[in-house]
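Take a look at the structure set out below.
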Amino acid sequence: MPLNQPLEAVRRRIAFAARNAHRDPQTITLLAVSKTFPAQNVAQLAALGQIAFGENYVQEAVDKITALRPDWPELQWHFIGPLQSNKTRDVATQFDWVHSIDRLKLAQRLSAQRSPGLPPLQVCIQVNVDGEATKSGVAPEDAGAMAAAVAALPNLRLRGLMCIPPADDEPTLHFALLREIARDHSVVVVEHDMSFVRDLGVKVTVLHEGAVLAEGALDEVSADPRVIEVYLGR
């Protein structure tokens, strides 16, 4: 089957679900999991307008990225699986996103190994929502402290929380827990670009020279004259 047919089918399902949720389909990113598939398939999807691709085998992914980047520099590469500490350098230098930050040491290594010449590495914290011993992720009660620590690291940008619901459970219950965690915690902003927290829907604490500059909803702190002067340059 040509790849354009299943791709269009998925796009139609996304558009339908977005309309039912009163969302703009253009604000939703389709992540195509390309692990185990050859670079040729990725190139075919790229030619159809697919931009974001997910990988979780580091060496396979690096080979694929190296082969495709000259012709497709606009592609976004997402690391979506468990990441070993000894593989962080390749991920820090080759990928755009990491979806599976499950311990602070991992985030610290990625931060240290990400070149300042590259855009910040976009990261999500993995939460073990059901406490399964076989799954990675921080406990829900530890997610807030973990988020604050990761948000403070240079060369990373915290974008949200991720979980993998059990296959036999209703996933919406677990995603609701993530929303509850987000509502109950404040994101500490230590960089100039605060747009990444808008989708989290949480309170924001803006720091400047070790002191709290402003705190509240993103729109509120963005309108604060002190934040405008120090961070937004207006």
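No value in this document is a laboratory result; all are computed from the given coordinates. Every value quoted in this text rests on a predicted model; they were computed, and no experiment measured them. Note: ideal-geometry Cβ built from the backbone for every residue, glycine included; neighbour counts use all protein chains shown.
Worth a mention:
- Between Leu48 and Glu132, the FRET efficiency estimated from the beta carbon spacing at R0 = 41 angstrom works out to 0.65.
- Relative contact order %, segment 4-185, counting alpha carbon pairs below 8 Å whose residues are six or more apart: 14 percent
- The gain in end-to-end length when the Arg23 to Asn86 segment is fully stretched comes to 18.7 nm, 0.36 nm per residue minus the alpha carbon separation.
- Mean projected area in nm² (Cα convex hull; one quarter of hull surface) for segment 22-85: 5.3 nm²
- Scoring 7-20, 79-92 by mean Cβ neighbours within 10 Å over their residues and listing the highest first yields 79-92, 7-20.
- Ala217 paired with Gln113, simple spin-label distance in nm, labels 7 Å along Cα-to-beta-carbon: 4.1 nm
- Binned Cα-Cα distance frequencies in segment 116-166 - 5 Å width, integer %: 5, 21, 27, 20, 14, 8, 4, 1
- Around Ala18: net Lys/Arg minus Asp/Glu count, Cβ-Cβ under 13 Å: +4
- For Leu106, net neighbour charge (Lys/Arg +1, Asp/Glu -1) across residues whose Cβ lies under 15 Å away: +3
- Each residue, Tyr57 and Thr93, gets one label point 7 Å from its Cα in the Cβ direction; the gap between the two is 2.2 nm.
- Convex hull projection area averaged over all views, segment 4-185, Cα basis, nm²: 11.3 nm²
- Computed from the alpha carbon atoms alone, the convex hull of segment 1-107 holds 113 Å³ per residue.
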